[in-house]
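To start, the structure under review is shown below, and the notes come after it.
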Amino acid sequence: MPSVSPYRTPLCLLPLLLLAGCGGDARKDEPPAGAAAGAPAPASDPSGQPGDPVSTPLSVEDIERWQKGMAAELAAVQAAGAKLASARSGEDTLSAMMGVQEMTTTPVGARAAGVDEERYKTMRSNLSAAVAYLTPHLGGVDTTLLSVAQREEMRQMNAAQLHRLEGTVPAAVVEALKPKAEALRKQEIALAGARLKGAGM
């Protein structure tokens, strides 16, 4: 009868022991919880990266969005002004006066424009500046009182200001603004006037 080696059983178990010993380290190569394939990447830091609503350049479509936003803000201001006229208490008066303020109407304008509030503020601020440079005769200097040389100097200064805006308001957007600039500027001036009227000024 062949002899039985006393080491046979441990040698048979050796692969199992090795596997058991490696089992605890196998998890080191596994992805951490929440990092499974298809899991969304963390949101980028809002510091000018693509997709940041504040720094992303405006588009031609944003012109119409701003126009819709201003119309909605005007309607909100007019409604608040009507409440002021019919106010029966100091609380009613204060509430109505707050209703005409820009900080109150901004969310209304943003909803009408279909963008978030930060994007709407960026849109409104930069398009307003661009339109003002394109229409210096509206709500600003009476250009009819200037000489030809002075008007040319103003034109060059405004063109330089528009060039500085190109990071946010690209040249294509400025070109699309030109035929609409006067109407947009008048709409903006009307909104500003309605705010003053709604506040009882």
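The values are calculated or read from the model by the stated rules, or taken from the named source; none is laboratory data. Treat the numbers as computed from the prediction; the structure is a model and nothing was measured. Don't worry about glycine lacking a Cβ; one is built from the backbone with ideal geometry, like all the others, and counts go over all protein chains shown.
Observations on the structure shown:
- Residue within the stretch 8-29 that is of a type outside the set (A, V, I, L, M), part of a loop (DSSP other than H, G, I, E, B) and modelled with pLDDT under 85 present: yes
- Residue tally, condition of a type in the set (V, I, T) and either part of a helix (DSSP H, G or I) or under 29 Å from A82 (Cβ atoms) (or both), over the stretch 168-201: 3
- Helices (runs of 4 or more DSSP H) fully within the stretch 45-157 counting 2 or more residues that are crowded, with 18+ Cβ neighbours inside 10 Å and under 19 Å from the mean Cα position of the chain (by Cα): 61-85, 102-113, 117-134
- Residues in the stretch 125-175 that are small (G, A, S) and more than 26 Å from E102 (Cα to Cα): S147, A149, A159, A160, A171, A172.
- Filter pass, Q78 being more than 30 Å from T168 (Cα to Cα) and at pLDDT 90 or above: yes
- Matching option when the condition is on the phi > 0 side of the Ramachandran plot and not acidic (D, E), among G167, G139: G139
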